[in-house]
1. In the range 66-121, which strands (runs of 3 or more DSSP E) lie fully inside it and hold 1 or more residues that are more than 14 Å from the chain's Cα centre (by Cα)?
2. Checking Ile86 against (1) touching a residue at least 24 places away in the same chain (Cβ under 8 Å); (2) more than 19 Å from Asn35 (Cβ to Cβ), which single condition isn't satisfied?
3. Looking for something closer than 25 Å to Leu121 by Cα, of a type in the set (Lys, Arg) and at pLDDT 95 or above - is there at least one such residue anywhere in the range 90-102?
4. So which strands (runs of 3 or more DSSP E) stay within the range 3-47 end to end and still have 3 or more residues that are surrounded by fewer than 16 Cβ atoms within 10 Å (Cβ to Cβ) and basic (Lys, Arg)?
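The values are calculated or read from the model by the stated rules, or taken from the named source; none is laboratory data. Remember, predicted model here, so these are calculated numbers, not experimental data. Positions of Cβ are generated from backbone atoms using ideal geometry, with glycine treated the same way; all protein chains shown enter the neighbour counts.
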Amino acid sequence: MTTKYVKGDHDTRPWGTWEVLEAGEHFCVKKIVVNPQAILSLQLHHFRAEHWIIVEGEAMVVLGDDTLFRHANDSVYIPVNTKHRIRNNSLDKPLVFVEVQTGENLDENDIVRFEDNYGRLK
């Protein structure tokens, strides 16, 4: 059984925080804050695509075999089943981005990790 995201859900992770701003049947909007020098796991999702819009800071994004650099007002589209990760290269400023998830199954169980700096491989 999976638990769908609902508005107000939030969590603190080793790399920063996330909060659900809005959620519906086939979409979820999160605000994600990545601490300075932190990186999320290299991961993919089987059931959702993601759109990332950078709000503050500078991001280094791994998308498949590509490495992209994005700033405020830039965006990245992550298709279903595409390996991806994001890193905040700043020494002292948080990276803030809005993530819009779309798909049939939107929950924290749809994360397949390949690399993780915090020992969370499954």
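1. Here the list reads 66-70, 95-103, 112-115.
2. (2)
3. no
4. Hits in the range 3-47: none.
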